[in-house]
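Notes for the one structure printed next.
Please treat every number below as a calculation from the coordinates, not as lab data. Just so we're clear, the structure is a prediction, and the values are computed from it rather than from any experiment.
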Amino acid sequence: MQILHPFSGSIQRYQQELSDADRYRPHQCPQCEAKRPLTAHGFYRRTLEDVGFDGIIRVRRYLCQCCRRTVSLLPEFALPYLRASIVVIAMFLIARFLQVQTLRVAAAQSAYQRGQFWVRRFRRQAEALCGALAGLTRPTLAADFVERALRMLENCGWVKAHRFLFGDLRLHLLGWPRNLAPSGLRATVSPAAVPAG
């Protein structure tokens, strides 16, 4: 499971602060809700594309001694299961939808196919975002849900919105991939029990 690392600042500063396992250690497990601090459990590496940065970052992991599951502290400038940072995706979506640039022009900083992928997912997610973001900012008048969601994200700030959506509602800014349950957890289906008798 991923939770957000309560950090804002540069990627370089984030990487420096990772050495202190106690600094952001969760005080309880978000999965089983055991009220015991989690144990530092190393890191995993992931790629990240941001403005002025394209490389690998480490993400700290913790282990719950009660349920034996891990929790990853994802930096709040990164989105789960996406390589591009929130800033890169925000710049692209604003250029594409609000500035009405062609997909090719909007994708000048990112790959064209990734841009198409973001457009499709954002369109599917826009209505749900508008409803969820009403808890942070007033809905604005707009021609459609896509424009309204973008204006609301601009009003409250993309990272703040991501922190609220992901941290409080388990809602992904671009919608969860289809192989994950609505809350971002892998869906597992157990076979039905055979009735006795």
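Remarks
- Karplus-derived 3J(HN,Hα), 6.51/-1.76/1.60, for each residue of the range 164-171, Hz, glycine and proline x: 5, 4, 7, x, 9, 10, 6, 9
- Interchain or long-range residues, amide H under 5 Å from residue 36's placed H: 29
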